[in-house]
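Undergrad: Have a look at this one before I ask anything.
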Amino acid sequence: MTDRLPGFSTLAVHAGAQPDPTTGARATPIYQTTSFVFNDADHAASLFGLQSFGNIYTRIGNPTNAVLEERVAALEGGTAALAVASGHAAQVVVLQQLMKPGDEIIAARKLYGGSINQFTHAFKSFGWNVAWADPDEIESFERAVTPHTKAMFIESIANPSGSVTDIEAIAAVARKAGVPLIVDNTLATPYLIKPIDHGADIVVHSLTKFLGGHGNSLGGIIVDAGTFDWSKDNKYPMLSEPRPEYHGIKIQETFGNFAFAIACRVLGLRDLGPALSPFNAFMILTGIETLPLRMQKHCDNAKAVAEFLAGHPAVAAVNYAGLPGDKYNNLARKYAPKGAGAVFTFSLKGGYDAGVNLVSNLRLFSHLANVGDTRSLVIHPASTTHSQLDDAAKIKSGAAPDVVRLSIGIEDKDDLIADLDQALRA
Amino acid sequence: MNHDTYTDNYIRGILNGVKSIAMVGASPVNVRPSYFAFKYLAERGYDMIPVNPGHVGKSLLGKPFVASLADIGRPVDMIDIFRNSSHIMPVVEEALGLSPLPKVIWMQLGARDDAAATKAEAVGIKVVMNRCPKIEYGRLSSEISWMGVNSRTLSSKRAPMPTQGMRLSLNRMSVGGGETAASDRAAKNKTETT
C-alpha cells in the first residue's frame, strides 16, 4: 500500500500551509518579524548549531517564507527549497555553493538578458567563468566541459525567444560530466514543465513572473531535487567537507537529500543576505494558489494570439513553440503538452521602426520590462532587456533588432487580438 | 514488504508506538549526525540508549554508553542502527538474540541490508531502512517545514499547539503531499551501486 498522491492543483492550494496552531487562521499569516525568541540557552545553541529545526532570524528563515518554500518544492517534486529576494539572488546563492574562483559554468546562450549580464560581468568579477553553449546543439555542451566545469545552466523555456530546451539531452551530458544541471523554470512554471522529472538537479525561479503572477512582488527560489551526490569526489567542498562556521559539520552527511537547500540557506543566504520579505512571500503564495488556472489561460490566449499574428500581413515571422511547424514544436509537445508558455517573440515586415510604432500604438498591452503578469505586456528586447549585448549576441539570444516580445495575460483573447490588430494597422 | 517507499501511517505508527530506542553507533562528537539524531529524539521524550563499545565509561547527554545490545539489560522497543550497510547484519543478528525481541529495527539514511531485513521480519519485527527517525519525526510533525523541506504531507486541521517549547506533536492528521520521486530514485541507484 502507498499513500495516495494529490494532484497539482491540490498542492498549489495546500502544500506547506496548515491552519495556524495558535489562532486557527486559515490563510498563511504574514510573520512580519525580524527575529524569534529562544526557549532557553540550549534551544538557542541547538538552533545555531543546526541541531534543531526552527526559526532564528528572518535573514535565515521565516515561517511565511517557509510555507512558500515547501509549496514550490512540492510543485516541482523537489526535496526542499529556499526562497530569496529575486531570481538573480537565487542564481548567485546557488553558484556560491558550487563555484570557486577559476571554476567554470556552462550556460545556454539563450538566456534572459539579465542572466547573461549577471554571468558575464558580476560572476566574472568573482572569478567564476562562463562557457556559452547552444541549446539547439547538444554537442556544444559536451565540447565545453573541462576539468574546471562545476555546473550546467539552462532555461526550460528560454526568454525572450520562447524556445523549448531539450532538458533530458543536456541532463545526460551533465551526468556524464559529473556536474549538476541547473534549470531556470521561470517561464514554464512546474504547471507546464517539471525539470526534475527530466533530470534537473537544481531548479531556480524568478517568482516575480508566473508563479507570483500578478506583477506585484519580486522573489526568487531555489529547489533541491535531492538527486545529486555532492560527496562522491572533492568537487563540492561546501557540501562535502567540514564547515568551520558550524564546528565542523559536513552538510551533505548531516542533511542527506535536502543538503543543497540547507547549504544555500545556512551558507549562502546567511552570509550573502538577499532575504525575501515575508509580505512578498504572502503575495506570491496567494498567486500560486491559482497558478494552474492562470497558466492554462495564459497558454490558451498565447496560442490564439500567435495564430492571429502568424496570419497577419504585417508580420514577418512568429516564434511560438506552440504553433505547428515551429522549430521547437516537437520539443514543446514532449516537454510542455499543456501549452508552450505565454512569452514569445515575433518580427515585423516593417523592421525596427514598425516594432517601435506597434509598441506605442497598443492600448491594452503595457510597455514594460517584465513577463508573467495577469496583464498582457510588450517590449522591444533589443533596446531594453538585451540592450547591453552586441548585435551578434542579440541575434544569438533571440533578441534581434526587429523582434518584439509579448507576454500574454489572462484577459479575453479577442480583446488582445483586437488591440494588436488596430496597432498593426495604425 | 516493499522497502523502497513507506506509507506515512507505517512510519507514524512506529514513531508513536516505541518508547525506548537503542542507537547503535551513537557518537559523543557533537557535530556527528548520530549525535544530532540522538539529541533530537531524547528531547522528544524517547528513552535513548547509546550503544558504542568505543565509548563505554562515558555518557551521551547523561545516558551512559553500553558496549552491546546485550548489555542494555532491559527490554528495548527499537534498535536504530547508525552503521554502514556492510555492518548491519551482525547488529540484526545480535538483536534477534534479545529477549524480549525489539519491536522495530531501523537502519539509518544510506543503510540498507535486505537480507537482514528479511531475517528480522520473519520473527515479526518491523523494519525501516534508509531513513532517519529525526527527519521522519520532523516531517510528520511538520516541524521540518520550517527549513523549507517538502514534508510530503497536507492537512486542513489546525496544527497541534507546540508543546515543550516549539516542539510539535506527531499526532497530526494529514494526507500524502508532494512526492520526491527523483530523489528516491537517485537514492535507490546509489545504494545499488555501493
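Undergrad: How big is the Cα convex hull of region A:32-287 in projection, averaged over all directions, in nm²?
TA: 12.7 nm²
Undergrad: For A:His367 paired with A:Asp271, estimate the spin-label separation in nm (one decimal), with each label point 7 Å from Cα along the Cα-to-Cβ line.
TA: 4.5 nm
Undergrad: Suppose each label sits 7 Å from its Cα in the direction of the beta carbon; what would the A:Asp136-A:Leu293 distance come out to in nanometres?
TA: 3.9 nm
Undergrad: What percentages make up the Cα-Cα pair-distance distribution of region A:165-298 when the bins are 5 Å wide from 0?
TA: Each 5 Å bin holds this share of Cα pairs: 2, 10, 17, 18, 18, 15, 11, 7, 2, 0, 0.
Undergrad: Where the centre of each part is set by its Cα atoms, how far does region A:151-199 sit from region A:1-68, in angstrom?
TA: What the calculation gives is 29 Å, centre to centre.
Undergrad: Going by how many other beta carbons lie within 10 Å of each one, how would you line up A:Arg270, B:Arg185, fewest first?
TA: If I rank by nearby Cβ atoms, fewest first, I get B:Arg185, A:Arg270.
Undergrad: Over chain B, what is the mean sequence separation of C-alpha contacts under 8 Å (at least six apart), divided by residue count, expressed as relative contact order in percent?
TA: Dividing the mean separation by the residue count of chain B yields 16 percent.
Undergrad: Compute the length gained on full extension between B:Val56 and B:Met173: take 0.36 nm times their separation in residues and subtract their Cα-Cα distance, giving the result in nm to one decimal.
TA: Additional length available on full extension: 38.0 nm.
Undergrad: In addition: Please work out, to two decimal places, the log10 of the ratio I(q)/I(0) at q = 0.10, 0.14 Å⁻¹ from a Debye calculation in which every Cα of region B:21-112 carries one identical scatterer.
TA: Each listed q maps to, in turn, -0.21, -0.43.
Undergrad: Shape verdict for region A:4-53, please, from the Cα gyration tensor: rounded (a/c under 1.5), prolate (a/b greater than b/c) or oblate.
TA: Here region A:4-53 falls in the prolate category.
Undergrad: Still on this structure: Mind counting lysine pairs for me in region A:290-425? Cα separation below 23 Å, and the two need to be 8 or more apart along the chain or on different chains.
TA: Close lysine pairs found across region A:290-425: 15.
Undergrad: So which of B:Lys103/B:Lys188; B:Lys19/B:Lys103; A:Lys110/A:Lys209; A:Lys194/A:Lys250 end up more than 22 Å apart by C-alpha?
TA: Those over the limit are B:Lys103/B:Lys188; A:Lys194/A:Lys250.
Undergrad: Order by neighbour count: A:Lys334, A:Lys176, fewest other Cβ atoms within 10 Å first, most last.
TA: So the ranking, lowest neighbour count to highest, is A:Lys176, A:Lys334.
Undergrad: So what is the calculated 222 nm ellipticity per residue for chain B, using -39500 (n - 2.57) for each DSSP H run with n of 4 or more, over all residues, to the nearest 500 deg cm²/dmol?
TA: Helix-only estimate at 222 nm: -9000 deg cm²/dmol.
Undergrad: For B:Ile72 and A:Thr286, what is the calculated FRET efficiency with R₀ set at 45 Å and r taken between the beta-carbons, to the nearest 0.05?
TA: 0.30
Undergrad: Taking the Cα centre of region A:290-425 as origin, sum charge times position over the Cβ atoms of Lys and Arg (+1) and Asp and Glu (-1), and report the length of that vector in debye to the nearest 20. Walk me through the intermediate numbers first.
TA: Numbers: 15 positive and 14 negative charges, 93 e Å.
That gives a dipole near 440 debye.
Undergrad: Pick from A:Ile138, A:Ile284, A:Ile154 the residue whose mean-square fluctuation is largest in a GNM of chain A, springs joining Cα atoms under 10 Å.
TA: Among A:Ile138, A:Ile284, A:Ile154, the largest mean-square fluctuation in the Gaussian network model of chain A belongs to A:Ile138.
Undergrad: What is the mean number of Cβ atoms from other protein chains located within 10 Å of the Cβ atom of each residue in peptide A:41-50, rounded to a whole number?
TA: Working: counts 0, 3, 5, 0, 1, 4, 1, 0, 4, 3.
Mean shielding by partner chains, rounded to a whole number: 2.
Undergrad: Follow-up question, since we're still on this one. What average count of beta carbons from other chains do you get within 10 Å of the Cβ of residues in A:4-11?
TA: 3
Undergrad: Sticking with this structure for a sec: Can you tell me which aspartates and glutamates have their Cα less than 17 Å from the Cα of B:Lys157? Leave out same-chain residues fewer than eight positions away.
TA: A:Asp20, B:Asp8, B:Glu143
Undergrad: Give the span of the protein assembly as shown's Cα atoms along each principal axis, as three whole-Å numbers ordered largest to smallest.
TA: Reported extents, whole Å, longest axis first: 91, 54, 44.
Undergrad: Could you work out the relative contact order of chain A, using alpha carbon pairs under 8 angstrom and six or more residues apart, expressed as a whole percent?
TA: This gives 17 percent for chain A.
Undergrad: Mind checking A:70-83 for the average number of partner chain beta-carbons within 10 Å of each residue's beta-carbon?
TA: Mean shielding by partner chains, rounded to a whole number: 6.
Undergrad: Another question, if that's okay. Considering only A:Thr23, A:Thr146, A:Thr345, give the residue with the highest GNM mean-square fluctuation for chain A, with springs between Cα atoms whenever their separation is below 10 Å.
TA: The residue that fluctuates most here is A:Thr23.
Undergrad: So how long is each side of region A:290-425 along the principal axes, counting just the alpha-carbon atoms, biggest first, in Å?
TA: 36, 31, 28
Undergrad: Would you mind telling me the antiparallel percentage of the DSSP bridges in region B:12-69, rounded to 5?
TA: 20 percent
Undergrad: Moving to a separate point now. Would you kindly calculate the mean projected area, averaged across all directions, of the convex hull enclosing the Cα atoms of region A:159-215, in square nanometres?
TA: Here the figure is 4.0 nm², rounded to one decimal.
Undergrad: Right, something else. Share of antiparallel DSSP beta bridges in the protein assembly as shown, in percent to the nearest 5?
TA: 45 percent
Undergrad: What order, most packed first, do the peptides A:182-192, B:89-99 have when packing is the mean number of other Cβ atoms within 10 Å of each residue?
TA: On the way: A:182-192: 27.5, B:89-99: 15.3.
Descending mean neighbour count gives A:182-192, B:89-99.
Undergrad: Hey, with R₀ at 51 Å, roughly what FRET efficiency would A:Ala45 and B:Glu121 work out to, going by the Cβ-Cβ distance, to 0.05? Please list the in-between numbers first.
TA: Working: r = 40 Å, r/R0 = 0.79.
Computed FRET efficiency for A:Ala45 and B:Glu121 comes out at 0.80.
Undergrad: Of A:Asp224, B:Asp80, A:Asp414, how do they rank once you tally other Cβ atoms within 10 Å and put the fewest first?
TA: By the 10 Å Cβ count, ascending: A:Asp414, B:Asp80, A:Asp224.
Undergrad: State, to one decimal in nm², a quarter of the convex hull surface area for the C-alpha atoms of chain B, i.e. the direction-averaged projected area.
TA: 11.2 nm²
Undergrad: For the pair A:Ser360 and A:Phe8, how long in nm is the line joining their label points, each one 7 Å along Cα→Cβ?
TA: Those two pseudo-labels are separated by 4.1 nm.
The numbers here are math on the coordinates, done by the rules we state, and not lab data. The model shown is predicted, which means the values in this text are computed figures rather than measured ones. Please note: Cβ atoms are built from the backbone with ideal geometry, for glycine as well, and neighbour counts cover all protein chains shown.
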